[in-house]
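The values are calculated or read from the model by the stated rules, or taken from the named source; none is laboratory data. Predicted model, so just to flag it, every value in this text is computed and none were measured. When we count neighbours, we look across all protein chains shown, and the Cβ atoms used for this are built from the backbone with ideal geometry, even at glycine. Accessible surface areas use protein heavy atoms only, side chains included; no ligands, DNA or RNA. Shrake-Rupley method; radii C 1.70, N 1.55, O 1.52, S 1.80 Å.
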Protein chains: 2
Amino acid sequence: MGEDDAGDIIEHHVEEEMEKRGTRSHAASSSFPASPPDGEGPSSTQSSHRLLAYSDALISIIATVMILPVAHTKVQDDEELRESVQLLLTTKIGVYLMTFLIVNVAWAAHIRLFQVVVRIDDCLALLNLACMMLITFLPYTFSLMATFPQNILGILLFCGCVMVTGVIQSLIVLYAFSRPFLLNEHIQISENRSVYKHHILKVIVRVPLMCFLASIASLIVFQLSYALLALVIFLPYISQFLKWCRSKALGQREESPDAVMFYTYLPNEPLSKDRVEAFSDGVYAIVATLLILDICEDNVPDPAVVEARFGGDLIAALRVYGPEYLAYFGSFATVGLLWFTHHSLFLHVTRATRLMGLLNTFSLAFVGGLPLAYQLTHEFPPNSQNELEAIQISCVIIFFAGTFQLCIWVVALFSEREALHPYVRYGGREHVLMLAKLALYPCVALGTFLLTCVLSRFSAPIFHLMEITVPFAFLLLRLLVRLVAAVVRLAVCPDRSDPTAVDEQQEATVPFSAAEAQRGC
Amino acid sequence: MGEDDAGDIIEHHVEEEMEKRGTRSHAASSSFPASPPDGEGPSSTQSSHRLLAYSDALISIIATVMILPVAHTKVQDDEELRESVQLLLTTKIGVYLMTFLIVNVAWAAHIRLFQVVVRIDDCLALLNLACMMLITFLPYTFSLMATFPQNILGILLFCGCVMVTGVIQSLIVLYAFSRPFLLNEHIQISENRSVYKHHILKVIVRVPLMCFLASIASLIVFQLSYALLALVIFLPYISQFLKWCRSKALGQREESPDAVMFYTYLPNEPLSKDRVEAFSDGVYAIVATLLILDICEDNVPDPAVVEARFGGDLIAALRVYGPEYLAYFGSFATVGLLWFTHHSLFLHVTRATRLMGLLNTFSLAFVGGLPLAYQLTHEFPPNSQNELEAIQISCVIIFFAGTFQLCIWVVALFSEREALHPYVRYGGREHVLMLAKLALYPCVALGTFLLTCVLSRFSAPIFHLMEITVPFAFLLLRLLVRLVAAVVRLAVCPDRSDPTAVDEQQEATVPFSAAEAQRGC
């Protein structure tokens, strides 16, 4: 029976995939009123899958790149310098977080666009590459703004990039609507296609228009332009979130025809799950390898130095870098395991929404800071206050990275019928295991944090012990969960200790079976 | 009709996808003689797709990372220093190319392994992460070897990593064969499963065993260990290539039952096309953003310096970096367009082989050097000998990167019935366009190279003109090809100038229709 279940999981994915691809192929072979104008025809049309994967890879690299200036700020163990360094560090961390956020907004816009335009041709591929080039330039304009807040050049460059990106995106929309076989089937068969076109164009053009105003405002009062920029980026989200809250509170307009509309900015607007996964994979992969990049470049000693200072003893020379290798393996393992929980989570999520995407972004932003926190833990003398702080910062970062993943699951549980696979829904067979997987890192991080507060002298050993035990905890998690569940059941209802009965209860997939079982117990 | 064709293309992909996934889901639901031993069952089994995508991302980053030490070597315009810098640069480029090759060998082994193990569970995912951690450490051991060729530490570390990786891979194989529902369907239904197991284990264990010998040899005569390492990495390929050549030459053993065997090292052994694409996407994405990483980190001027040296004029301060922005946009566009041709190529390739993978690796290795070559073109004074050399090196790199892509297509054409979509086969409708796309960069690079040899004084303007015109050439390529084809046809058979007839000829999809049309003309 278990084997059939596994088949179901996979088949479910296959069906999903088929549905997705099926609609596209169906859309392609149905006839259209408007034939392509220049006789080229759709012979050159392609599935957009790989173009989007490449865009995701580019955007994930760009989102995480601003952590490098933070990484390469030398923190000295000197009280006098500390404050100025802390200010610099805070600025750089601010730039990193803002870049991460803004690139994510651009990425969300890109997803939205290519949920409407589901197939591409050579022309769209080239336009998209131009778009990517401008997006990858955004972090630089942003760091100019942060370094020279009084100078309007950063704002002008930023606005320029956004405006040109907006123009290119409008071109993509116009091009796609002139060749309807490139569009989403829903829009393709819709009678009021031009309504969609105008709505989408209006949403897209709004951003460059506001940026144009901001750049004019910056020529007069530059503070005003910052306010305008913040407005343009966050207003649609905030206003729609408020609308959504109001409609939820008043209970009206549920399942209105608007629900199928694109570009709604609603928190439950669907987001392409494939792309959320691809983007997350990119970020995790870059972050996991950040430290090895530095090690490969900086930690190969100069042969002359080894000869002079260590008498040609390479091992002694490399021992100096020991802590950095440790930091590398520690951060790789932690990032890898956080990827693993993310992977497990999205394996059981059947539909991603905008809100889940936002929580995922927050989680990823913390993951991005992880390698640096790990690196800091080894940079200070043992038992110093700095070392303790670095270890505690690491714990805090791990805690939040894990907690936001947990939040995604909680959000998915709220609409479990649409968003989750039956096996992990509340009371499902994998429900407890999933919860344990997602809760492991936040719990361990919190425990380590509290322990280091109490036993501050042993903070480093505690932290290293945590690093070593967590991977094994993941390996044995299934057994541990069974053990705990069995103990709990034994403690609560000692009369029903037959393990097969317990297994049968676990096998139940109906959401409320667990509650029923409890009542029965 | 054209629309139906497009539908066919997509449907073809869907069928392929379905076939792939279908076999997996079928495999999952069929019954097995050996039930899982510990009662866990396959309820935790998952499709390996995302694990492989993440591994591809990690490996592609690691493969390209050793270009960074090359990038950050300061090349001075000073004849005295030049030779020592050139030596250093040559060493670093050598390390980059060797790392790229070795990581690609590791990646090919990973593909081979996960073509046998097609589904994973949590335990395999964690083992794979451990494997990845060791692979990402390889470049560092390699650069230790290059810096201290006389010291055996680099070899020992390298051998240690490879041995542990081999042990983990053997564990993965043993684990997967103990739970047959994780295996490839072909092996799963095969009666002599244990033969496969022993063959695969033998191939996997061979490498760590040779590394063990190499590490023992290094304790005695260290030169011997280098020879052993080279042997272990390249011997299977060379010996199998010779065998293949012999069998081709003698015409025997064609389509032997060995053909379905895994781990054959034959040049026509199938390679997962998805993974070749994912890996290439990763490399292209990293390479495209390499320069912006440097720009974001280094090219934000210090406010104090701007105040002191430029009187607070930020634009004047940034003008110093002008050439670096140009280099960024130039290299991003070139890498993006090379990605575009790669994308077009693999869109029409239906099956990737080991030989195509090897050519792809060579192409990617050249792509990796591109941003640095571009950066060099702007680092020297105008009209200097160095500038000319840098521009010519860029042309050579672009030429080889494009030419190896062209080679992939030529290889695919040799077995076009299995490897290519009908539309691009010889004489197919898209055949000429595909050829034009792939030939554009090699031709342009060759032309620019020759022009700079003749008109060395105008090398920089010629190069910049090339950078600007190529993207437009790609946009207009379809029109250009039609124009050239029409002109050629007019010149060859001026009596049949009816454009619709020409179009009909182009529409023909039977491979030899073009030859027939020529005969008819």
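Contact list please: Cβ distance under 8 Å, first residue in region B:132-155 and touching a residue at least 40 places away in the same chain (Cβ under 8 Å) and under 11 Å from B:THR99 (Cα atoms), second residue among the hydrophobic types (A, V, I, L, M, F, W, C) and not in a helix (DSSP H, G or I), pairs at least six apart or on different chains.
B:PRO139/B:MET66; B:PHE142/B:MET66; B:SER143/A:VAL300; B:SER143/B:MET66
Quick check on my filter: what residues within region B:241-254 are modelled with pLDDT of 75 or more and not charged (D, E, K, R)?
B:PHE241, B:LEU242, B:TRP244, B:CYS245, B:SER247, B:ALA249, B:LEU250
Whether any residue in region A:146-166 is aromatic (Phe, Trp, Tyr) and in contact with a Gly (Cβ under 7 Å, 6 or more places away or on another chain) is what I want to check.
Yes: region A:146-166 contains one or more residues that are aromatic (Phe, Trp, Tyr) and in contact with a Gly (Cβ under 7 Å, 6 or more places away or on another chain).
Given (1) open to solvent by less than 10 Å² (accessible area, probe 1.4 Å); (2) at pLDDT below 85; (3) within 30 Å of B:MET434 (Cβ to Cβ), identify the lone condition not met by A:LEU113.
Tallying (1) open to solvent by less than 10 Å² (accessible area, probe 1.4 Å); (2) at pLDDT below 85; (3) within 30 Å of B:MET434 (Cβ to Cβ), A:LEU113 fails exactly one: (2).
For residues in region A:303-329 being farther than 30 Å from A:VAL470 by Cβ and facing chain B (nearest Cβ under 8 Å), which is surrounded by the fewest Cβ atoms within 10 Å (Cβ to Cβ)?
Step by step, filter region A:303-329, then rank; the result is A:PRO303.
For B:MET133, which of the numbered conditions (1) away from chain A (no Cβ under 12 Å); (2) part of a helix (DSSP H, G or I); (3) open to solvent by 20 Å² or more (accessible area, probe 1.4 Å) fails to hold?
Condition (1) is where B:MET133 drops out.
How many residues does region A:290-308 contain that are out of contact with any Pro (no Cβ under 7 Å at 6 or more places or on another chain) and in contact (Cβ under 8 Å) with a residue 12 or more places away in the chain?
Within region A:290-308, the first condition is being out of contact with any Pro (no Cβ under 7 Å at 6 or more places or on another chain), and the residues that meet it are A:292-295, A:298-308.
Within this subset, residues satisfying the condition of being in contact (Cβ under 8 Å) with a residue 12 or more places away in the chain are A:292, A:294-295, A:299, A:301, A:305.
Of the residues in region A:290-308, 6 are out of contact with any Pro (no Cβ under 7 Å at 6 or more places or on another chain) and in contact (Cβ under 8 Å) with a residue 12 or more places away in the chain.
Output the residues belonging to region A:424-442 that are more than 13 Å from A:LEU345 (Cβ to Cβ), buried (at least 16 other Cβ atoms within 10 Å of the Cβ) and not small (Gly, Ala, Ser).
Listed by number, the residues that qualify are A:ARG425, A:ARG429, A:VAL432, A:PRO442.
How many residues does region A:338-359 contain that are open to solvent by 10 Å² or more (accessible area, probe 1.4 Å) and either among the hydrophobic types (A, V, I, L, M, F, W, C) or within 12 Å of chain B (Cβ to nearest Cβ) (or both)?
So the count comes out to 5.
Within region A:80-100, can one find any residue that is within 30 Å of A:ARG193 (Cβ to Cβ), part of a helix (DSSP H, G or I), more than 9 Å from every other protein chain (Cβ to nearest Cβ) and open to solvent by less than 40 Å² (accessible area, probe 1.4 Å)?
No, region A:80-100 contains no residue that is within 30 Å of A:ARG193 (Cβ to Cβ), part of a helix (DSSP H, G or I), more than 9 Å from every other protein chain (Cβ to nearest Cβ) and open to solvent by less than 40 Å² (accessible area, probe 1.4 Å).
Among helices (runs of 4 or more DSSP H) lying entirely in region B:403-501, which contain 3 or more residues that are out of contact with any helix residue (DSSP H, G or I) (no Cβ under 6 Å at 6 or more places or on another chain) and modelled with pLDDT of 85 or more? Show your work before the answer.
Details: elements: B:416-419, B:431-454, B:459-475, B:477-492.
Ranges flagged: B:431-454, B:459-475, B:477-492.
For every residue, the table says whether it meets (1) touching a residue at least 40 places away in the same chain (Cβ under 8 Å); (2) of a type in the set (Asp, Glu); (3) in contact with a strand residue (DSSP E or B) (Cβ under 9 Å, 6 or more places away or on another chain); (4) not in a loop (DSSP other than H, G, I, E, B).
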{"residue": "B:GLY312", "(1), (2), (3), (4)": "no, no, no, no"}
{"residue": "B:PRO323", "(1), (2), (3), (4)": "yes, no, no, yes"}
{"residue": "B:ALA365", "(1), (2), (3), (4)": "yes, no, no, yes"}
{"residue": "B:GLN375", "(1), (2), (3), (4)": "yes, no, no, yes"}
{"residue": "B:GLU379", "(1), (2), (3), (4)": "yes, yes, no, no"}
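Give region B:185-204 a look and list any residue that's in contact (Cβ under 8 Å) with a residue 40 or more places away in the chain, open to solvent by 30 Å² or more (accessible area, probe 1.4 Å) and closer than 26 Å to B:MET163 by Cα, or say none.
B:HIS199 - this is the single residue of region B:185-204 that is in contact (Cβ under 8 Å) with a residue 40 or more places away in the chain, open to solvent by 30 Å² or more (accessible area, probe 1.4 Å) and closer than 26 Å to B:MET163 by Cα.
Residue by residue through region B:143-163, note down the ones that are under 26 Å from the mean Cα position of the chain (by Cα) and more than 9 Å from chain A (Cβ to nearest Cβ).
Listed by number, the residues that qualify are B:MET145, B:PHE158, B:CYS159, B:CYS161, B:VAL162, B:MET163.
Restricting to region B:315-334, and then to whatever is of a type in the set (A, V, I, L, M, F, W, C) and in contact with a Phe, Trp or Tyr (Cβ under 6 Å, 6 or more places away or on another chain), can you tell me which residue is nearest to B:LYS273 (Cα to Cα)?
So the first thing to find is which residues in region B:315-334 are of a type in the set (A, V, I, L, M, F, W, C), and the list is B:315-318, B:320, B:326-327, B:329, B:332-333.
Restricting the remaining residues to those that are in contact with a Phe, Trp or Tyr (Cβ under 6 Å, 6 or more places away or on another chain) gives B:316-317, B:327.
Numbers: B:ALA316: 49, B:ALA317: 48, B:ALA327: 32 Å.
Looking at residues that are of a type in the set (A, V, I, L, M, F, W, C) and in contact with a Phe, Trp or Tyr (Cβ under 6 Å, 6 or more places away or on another chain), I get B:ALA327.
Tell me, please, whether a residue that is away from chain A (no Cβ under 14 Å) and not in a helix (DSSP H, G or I) can be found in region B:383-397. Reasoning before the result, please.
Of the residues in region B:383-397, the ones away from chain A (no Cβ under 14 Å) are B:383-397.
Next, from what is left, pick out any that are not in a helix (DSSP H, G or I): B:383-384.
Scanning region B:383-397, I find at least one residue that is away from chain A (no Cβ under 14 Å) and not in a helix (DSSP H, G or I), so the answer is yes.
Starting from region A:458-481, take each residue that is more than 11 Å from A:LYS437 (Cα to Cα) and list its partners that are in a helix (DSSP H, G or I) and among the acidic types (Asp, Glu), counting only C-beta distances under 8 angstrom and pairs at least six apart or across chains.
A:SER459/A:GLU387; A:ALA460/A:GLU387
Mind counting the residues in region A:360-398 that are of a type in the set (Asp, Glu) and open to solvent by 40 Å² or more (accessible area, probe 1.4 Å)?
Number of matching residues: 2.
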